[in-house]
Structures are given as structure tokens and as C-alpha cells.
Amino acid sequence: MTGQSIVYFDNSATTAMDPRVVETMTPFLCERYGNPSSMHRAGREAFQAMDKARGQVSAGIGAMADEVVFTGGGTESDNLAIIGFALANRSKGDHIVTTQVEHPAVIRACEHLNTLGFHTTFLPVDRHGMVSLEDLKSAVGKQTLLVSMVTANNEIGTVQDILAAAEIAHDKGAAFHTDAVQAACRMPLDVAMGNIDLLSLAAHKFHGPKGIGALYVRQGTPMRPIVHGGGQEKGLRSSTENVPGIVGMGMALEIGLAEMEESVERMGKMRDHLVKGMLEQVEGGFLNGHPVHRLCHNAHVCLPGYEGEMMVLTLDQAGFCVSTGSACSSKGARPSSTLKAIGLRHELARCSIRITLSKFNRDEEVEQFLGVLPWVLGGVKGAMDAMRGHCEGLGSIKR
Ligand SMILES: Cc1ncc(COP(=O)(O)O)c(C=O)c1O
């Protein structure tokens, strides 16, 4: 990536593009650059390519082609789902139910709706990050328009029971949205079977390009656009379509799903080995998130006594890319809202790291990581002891 060889273990932040996806996209970046709205052959060619990709995306989630709206990514899909649905259904209610373990794209969209006169219930979770279906039942009322529940959390990887949640929402007359950005190609998704009204995807989480996403909108669901303009995507998302991105997304999803069974099994085995190996090396260490209902590629561990950011930086020096949590918040000083929601004490939340695998990772990389970990832990311990000594020194000078 940067000349130095690296081991990339941060696949919940983003993934490497699959070379087959790059190959499919390349003509649309170079010679096949038409605007799909144009009537001439270049336009028609772009339109057909987009149409094929729409078919690939819809087939991948059990939808019909005209139920897929291409967007600029996961954040925009979540915003369109929540804000677009709420604004279109304003006369029927003013309440949204979501959870405390959503991505900021959902949380901030709901907070925005609150400024417009809606109100949102953020459901708590248990120590594994699971929402209680009883809590959900109690929270959904006559005024509830929409329940939005993440399929799988981006930090700790906990997978919710979205089928049961959708049923509860529908029984009470509310619609159901799920943010499946982390789940796609890591577990099966079927909107028809799951009785889902709205579902968000982002291509860069499954070896596709960045800056392209999709929102599934069940036929007949009333929606209002949040981006206004030329009326592309049946008026729900104006702007000239990102044809190379769309073509890449279609191919990435098709490949990801065709290879999912094998890749999920392989990632799961690597993940389990990694977790075991890490926890053996740190007394009192534990896995964050649900032990069973979790994404196959996610190892989010608390290593008490080892500060997470120092771990990330020291591992970086050793050639490993890992994260303290979600990429979006890891540069900010704010503690992770997900770790807070599962009740992890601040000192322990600070000592957590997230390792997320992909189908491109190999067993040898996991072994290399476990091999280098004692050195990394020693380095972090040394740096933390030195800092502590320095602070104590400063304290005695002040006194
Ligand atoms: C669960 C979840 N939802 C939404 C997003 C936002 O996606 P994007 O970065 O494509 O806007 C992310 C990105 O990390 C995510 O993990």
C-alpha cells in the first residue's frame, strides 16, 4: 500500500477493492463515460450497464430491480431511509425508534429529525450489544412511523434479530429499516424473507469502490427525496449517476455473495484463532460483543492495562493496520457510544482494539500478528509506565 508491506486488519473501516471489480469498472472510467440520461449511444450504453448493476444488487438482497436506489454511500442511504421516510409520512406520526448501537449516520439522522419536531427513542442494549425485543415492543406506539435497527454493529460486530424486530414493527403498524452496511457479504440478507421496508448498503465494505451505496425501498413505500435536482433514481436521488461506482458495486456484491459461504467460514476460523491467541497473552482480557451472534470477521477485544490508541500506533509500526473502534470516531476524543451502551467502564473501553478480517487475509498473517504481539504489548507497557512515571514526576514538582 505505502511501499512497506502491511497486513490490513481494518476491514470494517473499508476493504481493498477486488481486482475483478476494478477490471469491470475501468472501461466506465475511460472510454465508456456516457451519462445514463443521454439519448445517444454512449448514454444508452451507460444506462444499460447501470441497469445490469441494479439487477445484481437487487438479486443479491432478494429485491426487485426497481426497488434499488443508488446513493453516495452508507451514510446517505441511512439518511435517505430515515429522513426521507419520516418526511413523507409526517401526517401519520412523529416517532422513530432506533437503538444506542447505531452508526452515527443513523443517530445523527434521527437527531436531525428531532429538530424538525419528531422524537426518537434510542433503545438500550445488554452487555453483548443485543437489543431486547420486549423493550422494542414497549417502545413502538401508535405514533411510531419507523423502527431503524442496525443488522450488525460496526464496532463490536453484534448481529441483531432483525427478522423478529421487523415483525414487531409491522405488527404495530410501523415500517422497518435496517442498516446492513457491515452485514453485506458477511451474512445472508433477504429483504423479502426478512419483511424489510428499507435497507442500506455501502460498496466499499465488500471490496467495491468508495462513494457508492444503495438503499432498498420496498415497492409502494412512501418516500421523499433529501437531495433535489434533476430527478434521477426515480426522483429519490438527483445527480448524474456514478456509473463506474454503480457497475463496481453490482460486481462486488455478485462476487461477494458467490464466495460468501467459503469466505465466512474461513474468516470465522481465523477470527476465533486470533481471539484465542490474543486473550491467552493478556490476563483479564475478554471479547467485546456477542460471543455467538457476531459478524464472522470481527474480533473486538479488551486488553486491560494496554491503551487502545497506543496499541494501534505500535501495531502500525509493526506493519499491522487495526483500529480502536469505528474509523469515523477513532480520530476524535469522544468515547465510543457503542462501548458506553454495553456498559463497558471508560478505563476498559480505552483498552479495546478492533481487528476486522477480510477474505483476502491469510492464516500466515494471523500467525505473524500473534507472533509480534508480545513485542507490541511490551512496547505499549513500557511507554505507559514511562508516561505514568513522567506524570508522577510532574505531580511531585507541583507539590
Ligand atoms: C454500520 C454502518 N453504517 C453506515 C456507515 C457509513 O457508510 P459510509 O462510510 O459508506 O458512508 C458505516 C461505515 O462505517 C457503517 O459501518
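Rule-based calculations on the coordinates, nothing more; no lab input. Just so you know, these numbers come straight off a predicted model, no measurement behind them. Methodologically, a virtual Cβ is constructed for each residue, glycine included, from the backbone with ideal geometry; neighbour enumeration extends over all protein chains shown.
Where residues in the range 7-19 are more than 16 Å from the ligand (Cβ to nearest atom) and surrounded by 14 or more Cβ atoms within 10 Å (Cβ to Cβ), which of them is nearest to the chain's Cα centre (by Cα)? Result: Asp18.
Go through the range 30-97 and tell me which helices (runs of 4 or more DSSP H), entirely inside it, have 3 or more residues that are more than 16 Å from the ligand (Cβ to nearest atom) and over 26 Å from Gly173 (Cα atoms).
41-60
Could you go through the range 64-71 and let me know if any residue there is touching a Pro at 6+ places or on another chain (Cβ under 6 Å) and surrounded by fewer than 23 Cβ atoms within 10 Å (Cβ to Cβ).
No, the range 64-71 contains no residue that is touching a Pro at 6+ places or on another chain (Cβ under 6 Å) and surrounded by fewer than 23 Cβ atoms within 10 Å (Cβ to Cβ).
Confirm whether Thr151 is polar (S, T, N, Q), out of contact with any Cys (no Cβ under 9 Å at 6 or more places or on another chain) and closer than 23 Å to His207 by Cα. Yes. Selection within the range 207-228: residues that are within 11 Å of the ligand (Cβ to nearest atom) and either outside any loop (DSSP other than H, G, I, E, B) or at positive phi (or both). The member of this set that is surrounded by the fewest Cβ atoms within 10 Å (Cβ to Cβ) is Gly211. Please go through (1) among the aliphatic types (A, V, I, L, M); (2) surrounded by 23 or more Cβ atoms within 10 Å (Cβ to Cβ); (3) over 30 Å from Ile255 (Cβ atoms) for Ala299 and return the number of the only condition it doesn't satisfy. Just one mismatch for Ala299, condition (3).
Listed by position, the helices (runs of 4 or more DSSP H) enclosed by the range 102-182 that each have at least 2 residues that are free of Cβ contacts under 8 Å to residues at least 60 places away in the same chain and buried (at least 23 other Cβ atoms within 10 Å of the Cβ) are 104-115, 162-171. Restricted to the range 131-162, and to residues there that are more than 18 Å from Ile96 (Cα to Cα) and hydrophobic (A, V, I, L, M, F, W, C), the residue that is nearest to the ligand (Cβ to nearest atom) is Ala152.
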